[in-house]
Amino acid sequence: MTKIRLSRFGSKKNPHYRIVVTDSRNKRDGAYLERLGYYDPRKTTPDWLKVDGERAKYWLGVGAQPTETVKKLFKQAGVL
């Protein structure tokens with residue numbers, strides 16, 4: 001199953017996340033099909049959330065399932 005989920009990057013105690021499309025069997029930080037954006041939970045910059053809405057809608061249209069956290073982020077970004 002194809003999922004839209006968060007993949008962690010950044011340094012220790014400074015998390016940042018990529019919003020990625022991946023197979024549900026892959027590791028959290030493993031290979032992904034496409035990167036849709038990024039998210040900074042600490043909101044250290046004005047652009048703490050960026051999502052490519054057009055590509056996100058495409059992946060949702062072909063059946064990719066977002067996680068609960070990604071659903072919330074998509075609502076904040078105006079994708080859903």
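Derivation of every value follows stated rules applied to the coordinates shown; laboratory data play no part. None of these values were measured; they are calculated from a predicted model. We place every Cβ from the backbone using ideal geometry, glycine too, and count neighbours over all the protein chains shown.
What number of residues within segment 10-37 are among the hydrophobic types (A, V, I, L, M, F, W, C) and under 15 Å from Leu49 (Cβ atoms)? Explain how you work it out, then say what you get.
Within segment 10-37, the subset among the hydrophobic types (A, V, I, L, M, F, W, C) is 19-21, 31, 33, 36.
Checking the rest, the ones that are also under 15 Å from Leu49 (Cβ atoms) come to 19-20, 36.
Selection size over segment 10-37: 3.
Does Thr22 meet the test of being surrounded by 15 or more Cβ atoms within 10 Å (Cβ to Cβ) and hydroxyl-bearing (Ser, Thr, Tyr)? Answer is yes for this residue.
For (1) over 19 Å from Arg8 (Cβ atoms); (2) in contact with a His (Cβ under 8 Å, 6 or more places away or on another chain); (3) not aliphatic (A, V, I, L, M), each residue gets a yes or a no:
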{"position": "Thr22", "(1), (2), (3)": "no, no, yes"}
{"position": "Lys27", "(1), (2), (3)": "no, no, yes"}
{"position": "Leu36", "(1), (2), (3)": "no, no, no"}
{"position": "Asp40", "(1), (2), (3)": "no, yes, yes"}
{"position": "Glu54", "(1), (2), (3)": "yes, no, yes"}
{"position": "Tyr58", "(1), (2), (3)": "yes, no, yes"}
{"position": "Gly63", "(1), (2), (3)": "yes, no, yes"}
{"position": "Lys75", "(1), (2), (3)": "yes, no, yes"}
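Residues that are over 14 Å from Gln76 (Cβ atoms) and of a type in the set (A, V, I, L, M) within segment 9-35 comprise Val20, Val21, Ala31, Leu33, listed in sequence order. Residues in segment 15-59 that are in contact with a helix residue (DSSP H, G or I) (Cβ under 7 Å, 6 or more places away or on another chain) and either farther than 21 Å from Leu80 by Cα or among the acidic types (Asp, Glu) (or both): Glu34 alone.
Here is a yes/no grid of residues against (1) free of Cβ contacts under 8 Å to residues at least 24 places away in the same chain; (2) surrounded by fewer than 10 Cβ atoms within 10 Å (Cβ to Cβ); (3) closer than 23 Å to Met1 by Cβ; (4) of a type in the set (Lys, Arg):
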position: Lys27; (1), (2), (3), (4): yes, yes, yes, yes
position: Gly30; (1), (2), (3), (4): yes, no, yes, no
position: Leu60; (1), (2), (3), (4): no, no, yes, no
position: Leu80; (1), (2), (3), (4): yes, no, yes, no
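Restricting segment 42-52 to residues that are out of contact with any Phe, Trp or Tyr (no Cβ under 6 Å at 6 or more places or on another chain) and not charged (D, E, K, R), the residue that is farthest from Arg8 (Cα to Cα) is Pro46.
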